[in-house]
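Here the structure is laid out as structure tokens; the discussion comes afterwards.
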Amino acid sequence: MDNLEFTAIIAIFSILAGLLGSLTGLGGGVVVVPLLTLGFGVDLRYAIGSALVSVIATSSGAAIAYVREGYSNIRVGMFLEVATTFGAVTGALIAAKAPTRVIAIIFGLVMLASTYLTNRPHQTQAVNLPVDPLAARLKLDGSYPSSEGEQSYHVQHVPGGFAVMLIAGILSGLLGIGSGALKVLAMDQVMQLPFKVSTTTSNFMIGVTAAASAGIYFSRGYIDPGLCMPVLLGVLVGAWCGAKVLVRAKVKVLRIIFSIAILAVGIEMIYNGITGGI
């Protein structure tokens, strides 16, 4: 197989990865890394570097629309980015030292957990929440557009959300994923933001988090342009197609089917990590 054929095949499978990531809400990075390592034998750290680049691109494109529509809470996002950026740099530094088999096992466990967190029903947003003194001091409270007009909300439990975001950042830098499910968990369940605000703010944050850790991977030579280019373009096309399909598709059925696939790949990653196959 020559370089042109390899690039074309990687691009095609990256389109499928972007499509799958978009429909499940897990993001393309969760699919790209095991695809490259298990399917094409790419070194795990180079696969993570390529996934980070694709995460930056897909997050940046969607974030613009969400910010324009008034859903994303920029102040919450920038405040929590302190935690995720520090965590991402820490995770990237750990990844440079940790054995690939250990990273593979952690990746598989995170895939299993992400599938569960993504498919669990989110709690109904509580109304008339009290003003949190720390959130008020940091001016994190906000509002978002709804069918009933502009709805205001009060952010809760800021330290707890900050702590979960630190963990999300470490996982992002270590594994090359956006950790979107964990970010949404922090804002939706811990800080009790409206679900739409949580998901859109998470998307806004993912690109910044990935960029912080991508710099570490680039400095260590794990960003290969020849590999990143087809992965980036493929995931972008797949994510765009996923957004179109999502409007008409039976989302519950798709999520069940794709979640089973993600679970299978997660188990495979764990198995290869334990047996030394990666």
Value of [θ]222 nm, deg cm²/dmol, for the chain, DSSP H segments ≥ 4, -39500 (n - 2.57) each, nearest 500
-24500 deg cm²/dmol
Which residue fluctuates the most in the chain, going by a Gaussian network model with Cα springs under 10 Å, if the choices are Ile105, Ile64, Ile56?
Ile64
Kindly state, to the nearest 0.05, the FRET efficiency for Leu4 paired with Asp224, given R0 = 22 Å and r defined as their beta-carbon distance.
0.90
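Output the pairs from Lys139/Lys196; Lys97/Lys139; Lys97/Lys196 with a Cα-Cα distance over 31 Å in this structure; if there are none, say none. Present the calculation step by step, with values, prior to reporting the outcome.
Working: Lys139/Lys196 19 Å; Lys97/Lys139 39 Å; Lys97/Lys196 38 Å.
Violating the 31 Å limit, Cα to Cα: Lys97/Lys139; Lys97/Lys196.
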Determine the relative contact order of the chain: mean sequence separation of Cα pairs under 8 Å and six or more apart, normalised by residue count, in whole percent.
39
Which residue fluctuates the most in the chain, going by a Gaussian network model with Cα springs under 10 Å, if the choices are Tyr217, Tyr46, Tyr153?
Tyr153
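We did not get these values from a lab; they are worked out from the coordinates using the rules stated. Model, not experiment: these values are computed from the prediction. Neighbour counts run over all protein chains shown; Cβ positions are idealised from the backbone, glycine included.
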